[in-house]
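Undergrad: Take this structure first; my questions come after.
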Amino acid sequence: MKFWGYHFGLQKCILLWMMDSAERDAILMYELMKVGGKKADRALIGLVCTRNSAQIYLIKQAYYTMFNQTLENHIDGTDSTFVEFQTKKKWVFWRASEPKVKEVPKRLVSITKLLLALVRGNRPENVAVDRHIALNDAHQLNKVFTGKLAGDEDTLIRIFCTRSAQQLTATLNYYHQHYGHDFEQSLGRENAGEFEQALRYTVMCFRQPAKFYAEELCAALGVAGTDDDALIRVITTRAELDMQYIKLEFTNESKRTLEEMIANDTTGNYRYFLLTLVGPGDLGLNSPRTSNASASFYSPRTSNGSAPRPPSTGSQNGSVSYYSPRSSTQGSFQM
């Protein structure tokens, strides 16, 4: 492993899994901003773009409570300081074993503006589509990439950060109909810069989040070594949402199953816990969500203060499945 033995990876994974979802996202965003760089910015975009406005609001509340600073200030780097976990006993966990980051790499101003626009949570949640706006936005996108429109970065940020997912889908469909190629092809051109790459990640998170996270896992389990930070981040945040779809995309991308790759790259109880969260090895299309498919990722806590979880996938006789995230008899993970 990169910075710690499997014991530290297991500790980090369990603690993140046990946390409230908004607090977990806040800590992950904090960690990514302390490290900085292109990979961290990509992961930040993934976290923000796959949360709705209500979830982003809860994340920002948790962030301020935990670090005594607003999320926006830490993103733009103005009047912000990074406190250490050790100053807040509630948040002390795995940091002692990792090297300190001397200096955070500088980020492009345009990417900072994109991140700030995303975390402001101004995206509407309605499903109605205004076809006139969608067509106009499609033409605006074309003008940006043909150099016919000034302030192109601001235009792109405005369109992709203030439109609902359904509205954006209509816009990108119109773009394809009128200009003969997908918008992602314009973003993936040879001379595309860092901002275009960041925007491509944004589009992918809105349209194909499972593919985005599958690529994250492929990079984390690549030939260069295991990136445990990325592996733990993706699995703990997506296990209860769309992990079955991510596994399908992962197999399409790498030609190997996610379970096989995790088993090869990890050991001991750390491997066992990750495989438990990932779920059974079948690649069915059934979503791991609850039966009514409407449970919120940030579901309210029950009256006893514990966060509700999906029912155990253990066998009907009450025994605990190897892949069951929770024991069917005690409601907690069994080591």
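Undergrad: How much length is gained on full extension from Arg256 to Asn269, taking 0.36 nm per residue of separation minus their Cα-Cα distance?
TA: Extending this stretch completely gives an extra 2.5 nm.
Undergrad: Mind running the shape call on region 187-258? Use the C-alpha gyration tensor, a ≥ b ≥ c as the square roots of the eigenvalues: rounded below 1.5 for a/c, prolate if a/b tops b/c, oblate otherwise.
TA: The shape class here is prolate.
Undergrad: Relative contact order (percent) for region 175-247, with alpha-carbon contacts under 8 angstrom and 6 or more residues of separation?
TA: It rounds to 21 percent for region 175-247.
Undergrad: Tell me, what is the 1.4 Å probe accessible area of Asp242, in Å² to the nearest 10?
TA: 10
Undergrad: Please compare each pair in Lys38/Lys247; Lys38/Lys211; Lys60/Lys143; Lys38/Lys60 to a cut-off of 30 Å on the Cα-Cα distance and tell me which ones are over it.
TA: The pairs that break the limit, which is 30 Å between Cα atoms, are Lys60/Lys143.
Undergrad: Where nothing but the Cβ of Lys and Arg (+1) and of Asp and Glu (-1) is charged, how large is the charge dipole of region 192-244 around its Cα centre, in debye to the nearest 20?
TA: Approximately 220 debye in magnitude.
Undergrad: Related question: With every protein chain left in place and a probe of 1.4 Å, what is the accessible surface of Val109, to the nearest 10 Å²?
TA: Estimated to the nearest 10 Å², Val109 gives 110 Å².
Undergrad: In region 185-268, what percent of the accessible surface is made up of carbon and sulfur (1.4 Å probe, ligands and nucleic acids excluded)?
TA: Reported share for carbon and sulfur atoms: 45 percent.
Undergrad: With each pseudo-label sitting 7 Å past Cα toward Cβ, what's the Glu194-Ser53 distance in nm, one decimal?
TA: A separation of 3.1 nm, rounded to one decimal place.
Undergrad: While we're on this one: Which residues in region 102-128 place their backbone N less than 19 Å from a point set 7 Å from the Cα of Lys39 along the Cα-to-Cβ direction?
TA: What the label zone holds, given the 19 Å backbone N cut-off, is 102-108.
Undergrad: If I model a spin label at Asn126 and His181 as a point 7 Å from the Cα along the Cα→Cβ vector, what separation in nanometres do I get?
TA: Each label point lies 7 Å from its Cα, and together they span 3.5 nm.
Undergrad: Going 7 Å from the Cα of Asn173 in the Cα-to-Cβ direction, what parts of region 193-209 have a backbone nitrogen less than 16 Å from that spot?
TA: What the label zone holds, given the 16 Å backbone N cut-off, is 207-208.
Undergrad: Run the simple label-point estimate for Lys143 and Thr162 please: 7 Å along Cα→C-beta, distance reported in nm.
TA: 1.5
Undergrad: Let me ask another. Applying 1/(1 + (r/R0)^6) with R0 = 41 Å to the Cβ-Cβ distance of Gln61 and Ala219, what FRET efficiency is obtained, to the nearest 0.05?
TA: The value I calculate is 0.85.
The values are calculated or read from the model by the stated rules, or taken from the named source; none is laboratory data. Note that the structure is predicted; figures quoted are calculated from it, not measured. Note: ideal-geometry Cβ built from the backbone for every residue, glycine included; neighbour counts use all protein chains shown. With ligands, DNA and RNA removed, areas are computed over all heavy atoms of the protein, side chains included. Shrake-Rupley method; radii C 1.70, N 1.55, O 1.52, S 1.80 Å.
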